[in-house]
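Encoded as structure tokens, the structure appears first; notes follow it.
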Amino acid sequence: MCLAIPSRITKIENNMATIDVEGVQREASLLLLEDARVGDYVIVHAGFAISKLDQAAAQETLDLLREAIAAVDKSESKQN
Amino acid sequence: MTLKHIDEYRDAEISQNLIKKIKSISQKEVRLMEVCGTHTVSIFRSGIRSVLPASISLLSGPGCPVCVTDQAEIDAFIELARIDDVILTTFGDLMRVPGTKSSLQKESAGGRDIRVVYSTFDALEIARKNPAKKVVFLGVGFETTAPTIAAAILSAAQADVKNFSVISAHKLVPPALEALMAAADVKIDGFILPGHVSVIIGLNAYRPFFDRYQIPCVVAGFEPTDILQAISMLVEMLESKSPALDNAYRRAVTAEGNAKAQQILTEIFEPADACWRGIGIIPQSGLKIREKYAAHDALQLFDIQVPDAKTPHGCACGEVLIGTKIPPECALYKKACTPMDPVGPCMVSTEGTCAAYYKYHSD
Ligand code: SF4
């Protein structure tokens, strides 16, 4: 029921968005979301967009996770 | 490069590193519970259970909406389907859930008009197209689904669609966490909190619960790295004895949540006591339709009599839902109860723990 896959908004008309879910076009209501724009990635649940994904926060999380890898690699190469 | 928010979180290198980290810090035996059916499926599908050290047990909690729906509620849905002139609309999962004597699927085969919809707006559309019929939607779900149902009621009220109503059997997550902690035989050391419930209610909604129990709580997304990150944070908190309420799904979940969805939700619904399968009545853990929208409240419009509701004999769904039993400990598991021929809701729903065990767990 919960599409955990983020979808990109390709069109907005009358508070309805056309979204692209891995190549498949679907419709989602924007009634439950403030300021959605074309190009935004949203999470859609039972036909409604419920959240906009925050690009900056996403990048930050990924950077942190990748930094952690770099740190482990470094300490491992020191030990060897 | 723009993030597509999918492949980045399936990165094998990041996952391997998180697993390494978890293995290196985990000493104590800990029991972590996820309270979201989508997490349950994601954890099984990605094989996370098999790569974690033996010190970490993952339990599935009451996070599958269909599974926690009380037997009396299922029976009420079936009674509604039997009323003449009613078109019952529902999400697909509910069709095969066995009630005390029947199921929606059986009622449908017997000629009752029951239609599976993808969205509440599809149900509203059916009401518009069938003005002579009474269209009732079965309102089952947590804080993620409830606003979509509230939006349909609000739209029906605004457009004066008189023949559309909802029976509200919604459940709320924070009161359920409280009930789990209060249950004597449940032992949980930390919670993986549901990502999309949290999108709506925000991280702060768990603050009173956390303050009271000081138990590690981390909100997680649904990709393997999201879940591993949350587990790693929980293990770190438990090893260092520094419990916290934290967020491993920052790209989607904020402290305050989705204000617009909350506003529509509170316009339509108010909190009410609710009965959960396996747990019983939890105070203020459900939602009822406000008096102002009584014209769209199926409970007020129809006289629904439910004779004594009985859960299927031998089914341990109740214990499975609170983590005191795992599916293979149920005598019926894989024998009398399979996804093709399910006895309890935990085997019916694709998000149910028994169905996930059946599909992914080799024993
Ligand atoms: S295996 Fe079937 S009967 Fe047993 S607890 Fe699960 S759903 Fe109920």
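The values are calculated or read from the model by the stated rules, or taken from the named source; none is laboratory data. The structure presented is a predicted model; accordingly, all values stated were derived computationally and were not measured. Using ideal geometry, Cβ is built from the backbone for each residue, glycine included, and neighbour counts are taken over all protein chains shown. Note: accessible area is taken over every heavy atom of the protein model, side chains too, but ligands, DNA and RNA are not part of it. Shrake-Rupley method; radii C 1.70, N 1.55, O 1.52, S 1.80 Å.
Looking for something without any contact (Cβ under 8 Å) to a residue 40 or more places away in the chain and of a type in the set (S, T, N, Q) - is there at least one such residue anywhere in segment B:83-102?
Filtering segment B:83-102 for residues without any contact (Cβ under 8 Å) to a residue 40 or more places away in the chain gives B:84, B:92, B:95, B:101-102.
Filter once more, keeping what is of a type in the set (S, T, N, Q): B:102.
Looking through segment B:83-102, at least one residue is without any contact (Cβ under 8 Å) to a residue 40 or more places away in the chain and of a type in the set (S, T, N, Q).
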Taking the options B:Val219, B:Val199, B:Val235, name whichever one is β-branched (Val, Ile, Thr), modelled with pLDDT of 95 or more, more than 20 Å from the chain's Cα centre (by Cα) and open to solvent by less than 10 Å² (accessible area, probe 1.4 Å). B:Val235
So B:Gly37 passes all but one of these: (1) within 13 Å of chain A (Cβ to nearest Cβ); (2) at pLDDT 90 or above; (3) within 20 Å of the chain's Cα centre (by Cα). Which condition number does it fail? (2)
Quickly run through segment A:8-41 and pick out the residues that are closer than 25 Å to B:Leu94 by Cβ and in contact with a Lys or Arg (Cβ under 9 Å, 6 or more places away or on another chain). A:Val21, A:Leu31, A:Leu32
Going residue by residue through segment B:275-297, is there one that turns out to be within 13 Å of the ligand (Cβ to nearest atom), under 25 Å from B:Thr40 (Cα atoms) and either in contact with a Gly (Cβ under 8 Å, 6 or more places away or on another chain) or of a type in the set (Gly, Ala, Ser) (or both)? yes
Quick check on segment B:328-342: of everything there that is more than 7 Å from the ligand (Cβ to nearest atom) and not in a loop (DSSP other than H, G, I, E, B), which residue is surrounded by the fewest Cβ atoms within 10 Å (Cβ to Cβ)? B:Glu329
Within segment A:7-17, count every residue that is facing chain B (nearest Cβ under 10 Å) and within 22 Å of B:Asp7 (Cα to Cα). 2
In segment B:22-33, is there at least one residue being open to solvent by less than 20 Å² (accessible area, probe 1.4 Å), away from chain A (no Cβ under 14 Å) and either within 30 Å of B:Ser108 (Cβ to Cβ) or among the aromatic types (Phe, Trp, Tyr) (or both)? no
Reported set for segment B:313-327 where residues are out of contact with any Gly (no Cβ under 8 Å at 6 or more places or on another chain) and within 8 Å of the ligand (Cβ to nearest atom) is B:Gly314, B:Lys325, B:Pro327
Go through segment B:145-196 and count every residue that is more than 14 Å from chain A (Cβ to nearest Cβ), open to solvent by 10 Å² or more (accessible area, probe 1.4 Å), among the aliphatic types (A, V, I, L, M) and assigned to a helix (DSSP H, G or I). 3
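Please find, within segment B:343-360, the residue that is farthest from the ligand (Cβ to nearest atom) out of those that are among the polar types (S, T, N, Q) and open to solvent by less than 20 Å² (accessible area, probe 1.4 Å). Break it down into steps so the answer makes sense when it comes.
Of segment B:343-360, the ones among the polar types (S, T, N, Q) are B:349-350, B:353.
Imposing the further condition that a residue be open to solvent by less than 20 Å² (accessible area, probe 1.4 Å) reduces the set to B:349, B:353.
Values: B:Ser349: 10, B:Thr353: 7 Å.
In this case the residue turns out to be B:Ser349.
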Select, from B:Ala316, B:Ala261, B:Ala244, the only residue that is closer than 30 Å to B:Ala54 by Cβ, touching a residue at least 12 places away in the same chain (Cβ under 8 Å) and buried (at least 21 other Cβ atoms within 10 Å of the Cβ). B:Ala316
Quick one: which residue in B:Asp7, B:Asp93, B:Asp113 is among the charged types (D, E, K, R), open to solvent by 20 Å² or more (accessible area, probe 1.4 Å), within 12 Å of chain A (Cβ to nearest Cβ) and under 19 Å from B:Val166 (Cα atoms)? B:Asp93
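Within segment B:271-280, identify whether any single residue is in a loop (DSSP other than H, G, I, E, B), in contact with an Asp or Glu (Cβ under 7 Å, 6 or more places away or on another chain) and among the small types (Gly, Ala, Ser), and answer yes or no. Step through it out loud before you land on a result.
Going through segment B:271-280, the residues in a loop (DSSP other than H, G, I, E, B) turn out to be B:277-279.
Then drop every residue that is not in contact with an Asp or Glu (Cβ under 7 Å, 6 or more places away or on another chain), which leaves B:277-278.
Now restrict to residues that are among the small types (Gly, Ala, Ser): B:278.
Yes, segment B:271-280 has at least one match.
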Would you pick out the residues in segment A:18-57 that are more than 9 Å from chain B (Cβ to nearest Cβ) and open to solvent by less than 40 Å² (accessible area, probe 1.4 Å)? A:Thr18, A:Ile19, A:Val21, A:Leu30, A:Ala36, A:Asp40, A:Val42, A:Val44, A:Ala49
